[in-house]
1. Return a yes/no flag: does region 213-221 have any residue that is part of a strand (DSSP E or B), touching a residue at least 60 places away in the same chain (Cβ under 8 Å) and crowded, with 20+ Cβ neighbours inside 10 Å.
2. Since Gly74 meets every condition but one in (1) outside the structural domain of Leu162 (by TED's automatic domain parsing); (2) loosely packed, with under 10 Cβ neighbours inside 10 Å; (3) in contact (Cβ under 8 Å) with a residue 40 or more places away in the chain, which condition does it not meet?
3. So, of the residues in region 116-143 that are buried (at least 22 other Cβ atoms within 10 Å of the Cβ) and either of a type in the set (Gly, Ala, Ser) or without any contact (Cβ under 8 Å) to a residue 60 or more places away in the chain (or both), which turns out to be farthest from Lys205 (Cα to Cα)?
4. In contact (Cβ under 8 Å) with a residue 40 or more places away in the chain and either assigned to a helix (DSSP H, G or I) or surrounded by fewer than 19 Cβ atoms within 10 Å (Cβ to Cβ) (or both) - does that describe any residue in region 144-151?
5. Evaluate region 95-105: report whether one residue or more is closer than 17 Å to Leu161 by Cα, assigned by TED's automatic domain parsing to the domain that holds Asn166, basic (Lys, Arg) and touching an Asp or Glu at 6+ places or on another chain (Cβ under 9 Å).
6. Any residue at all in region 123-144 that is more than 30 Å from Leu51 (Cα to Cα) and more than 15 Å from the chain's Cα centre (by Cα)?
7. Taking strands (runs of 3 or more DSSP E) that do not extend beyond region 62-142, which have at least 1 residues that are among the β-branched types (Val, Ile, Thr) and over 11 Å from Ser174 (Cα atoms)?
8. Identify the single condition in (1) in contact with a helix residue (DSSP H, G or I) (Cβ under 8 Å, 6 or more places away or on another chain); (2) crowded, with 17+ Cβ neighbours inside 10 Å that Lys106 does not satisfy, given that it satisfies every other one.
Amino acid sequence: ERSESFRRIQEEEAERERWQQEFESRSKTDLAEEAKRKEAMDHDRQEHERLLAERKGLSNPVVFLDVEVRGSGGRAEASGRLEIELFADVVPRTAENFRCLCTGEKGKKLRFKGSTFHRIIPGFMAQGGDITHGDGTGGLSIYGHTFSDESFARLHSRCNLLSMANSGQHSNNSQFFVLFKQCKHLDRKHVVFGEILREDGDVMKRMEAKGSESGDVDGSVVIVNCGEVDEQKSRERFR
C-alpha cells in the first residue's frame, strides 16, 4: 500500500510539473505574440504620422468602381460608375490600401476588379471587397493579411460613406462596406475612409434592391472595373 501511495504521489508531482511547464511555455508564447502585435501597431502609428505629414496640402485621391447589377441568370440589369473620395487627409494608410486595390498596381491578385458585393442589407449597407474567397470569409490588404485600425475620427454619419469591414479590432483587409443610411452604432468599431462623390444614374438604389434582410444577394453585384480618377475627365463625364 505504501509503494502504491508513493507511486501516486510521484505521478501527481510529475503531472503538476508537466502542467507548470506547459503554462510557462504558453505564457512565453502569449507574451511574444503580444510584443509582436504591439510592435506592428507602433509601426502603423508611425506610418500614419509620416503619411499625414507627407500629404499635407495635397488633395484627396478619387477612385472609381464600375458596378454591374445582374439578375439570377447572370444577365446585366443595370450598371454605373461610383466615384469615391478617399479620406487620405485623415486615414492615409487605409486610403492608400483602397486606392491600390482599385488600381491594381500592387499586382493582379490585389485588385477589386471581378469581385462582388457579397452581402447587401437594404436600409443598412452593401459589403464587398473579398478578393480571395468572394463570400466574406477572406480578403487581403496591400500590407499583408490584415492591418490596424488607423483612426475613428470620421463617423458613420450619413449614407454613401465607405467604411472598413472587420472581424474584430485591428483586422482590416480588403473588405469594406457602403452605407445606405446613418449608422451611429458602428462608430469607433469600423474605420470610415471614403465617400461616394458621384454615381451614374441610380446604381446605388439598384444595388440596394438586390439585397435581403439576411444579406443574401438576388443575382450578383459585380465590380467589373476600377481605378483612379482623372479629375478632368470626370468633370466632363458628369457635367
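The values are calculated or read from the model by the stated rules, or taken from the named source; none is laboratory data. Note that the structure is predicted; figures quoted are calculated from it, not measured. Positions of Cβ are generated from backbone atoms using ideal geometry, with glycine treated the same way; all protein chains shown enter the neighbour counts.
1. Scanning region 213-221 turns up at least one residue that is part of a strand (DSSP E or B), touching a residue at least 60 places away in the same chain (Cβ under 8 Å) and crowded, with 20+ Cβ neighbours inside 10 Å.
2. (1)
3. Ser141
4. The first filter runs over region 144-151 and keeps only residues in contact (Cβ under 8 Å) with a residue 40 or more places away in the chain, leaving 147-151.
Among the residues that remain, those that are also either assigned to a helix (DSSP H, G or I) or surrounded by fewer than 19 Cβ atoms within 10 Å (Cβ to Cβ) (or both) are: 151.
The answer is yes, given that some residue of region 144-151 is in contact (Cβ under 8 Å) with a residue 40 or more places away in the chain and either assigned to a helix (DSSP H, G or I) or surrounded by fewer than 19 Cβ atoms within 10 Å (Cβ to Cβ) (or both).
5. Yes: region 95-105 contains one or more residues that are closer than 17 Å to Leu161 by Cα, assigned by TED's automatic domain parsing to the domain that holds Asn166, basic (Lys, Arg) and touching an Asp or Glu at 6+ places or on another chain (Cβ under 9 Å).
6. Yes, that holds for at least one residue.
7. 62-70, 76-86, 119-121
8. (2)
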